[in-house]
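Q: Take a look at this one; I'll ask things after.
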Amino acid sequence: MNGFEGYGELRVVPAAGGRELADWRAVHNAIIPTAVLSADEVRERAGRNRLEVAYLGGVAVGCSTVRPPDGETPAATVIARILPEYRRRGFGTALYEQGLAHARTMDAAGVETVVLASNEEGLRFALARGFTEVERYVLPGDTIPFVTLRLG
């Protein structure tokens, strides 16, 4: 993926190898500190979801998850995460659009995303792209809810 004038070249690659999985995990855990994932949990997720990492030069600046529909959620779930210092440059849009294109190849009843409620920029990003809130939930032991949004 190219074309971010003034910011070098953004590359989005599958989180398939050890470095990419570690970078995906680092970005995820920085953005979602209430649900930190272990290396084993990330490997397990990579076996059932499409995980990608966005690099600017050699630096991981974001990651994404595309979850296929399952028995619990008939929609595909697309989550794009960009580290705060790299936001508002189009990287999140590029990562989101790539994930959305993949989700649309699945046999899904719509598209959803999930954002930590304290991530106000992430919520604004989703709402600006036509998502509407459908649910809030708190994981056991947490106090900050996650917000599920559905693409309208």
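The values are calculated or read from the model by the stated rules, or taken from the named source; none is laboratory data. The shown structure was predicted, so the numbers you read here are calculated from the model rather than taken from an experiment. Note: ideal-geometry Cβ built from the backbone for every residue, glycine included; neighbour counts use all protein chains shown. Just so you know, the surface numbers come from the protein's heavy atoms only, side chains and all, with ligands and any DNA or RNA stripped out. Shrake-Rupley method; radii C 1.70, N 1.55, O 1.52, S 1.80 Å.
Q: Look at ARG124 and say whether it is charged (D, E, K, R) and under 23 Å from ALA15 (Cα atoms).
A: Taking the combined requirement at face value, the residue does not satisfy it.
Q: Consider the stretch 14-45. How many of its residues are within 22 Å of GLY122 (Cβ to Cβ) and either among the small types (Gly, Ala, Ser) or in contact with an Asp or Glu (Cβ under 7 Å, 6 or more places away or on another chain) (or both)?
A: Number satisfying all stated conditions: 5.
Q: Residues that are in contact with a Ser or Thr (Cβ under 9 Å, 6 or more places away or on another chain) and open to solvent by 60 Å² or more (accessible area, probe 1.4 Å): does the stretch 108-122 have at least one?
A: So far as the stretch 108-122 goes, yes, one or more of its residues are in contact with a Ser or Thr (Cβ under 9 Å, 6 or more places away or on another chain) and open to solvent by 60 Å² or more (accessible area, probe 1.4 Å).
Q: List pairs: first in the stretch 31-42 and hydroxyl-bearing (Ser, Thr, Tyr) and modelled with pLDDT under 95, second open to solvent by 20 Å² or more (accessible area, probe 1.4 Å) and outside any helix (DSSP H, G or I), Cβ under 6 Å, 6+ apart or cross-chain?
A: What qualifies is THR34/ASP142; THR34/ILE144.
Q: Regarding THR113, is this residue assigned to a strand (DSSP E or B) and either within 30 Å of GLY152 (Cβ to Cβ) or of a type in the set (Lys, Arg) (or both)?
A: Judged against the criteria, THR113 is a match.
Q: Moving on. Has the stretch 25-48 got any residue that is out of contact with any Pro (no Cβ under 6 Å at 6 or more places or on another chain), farther than 25 Å from VAL138 by Cα and open to solvent by less than 50 Å² (accessible area, probe 1.4 Å)?
A: No, the stretch 25-48 has no match at all.
Q: Now a separate question. Do we have ALA126 as outside any strand (DSSP E or B) and surrounded by 19 or more Cβ atoms within 10 Å (Cβ to Cβ) here?
A: yes
Q: Anything in the stretch 62-94 that is farther than 20 Å from LEU123 by Cβ and open to solvent by less than 70 Å² (accessible area, probe 1.4 Å)? List them, or say none.
A: Correct list: PRO68, PRO69.
Q: Kindly indicate whether GLY152 is over 18 Å from ILE31 (Cα atoms), of a type outside the set (Ser, Thr, Tyr) and open to solvent by 70 Å² or more (accessible area, probe 1.4 Å).
A: Judged against the criteria, GLY152 is a match.
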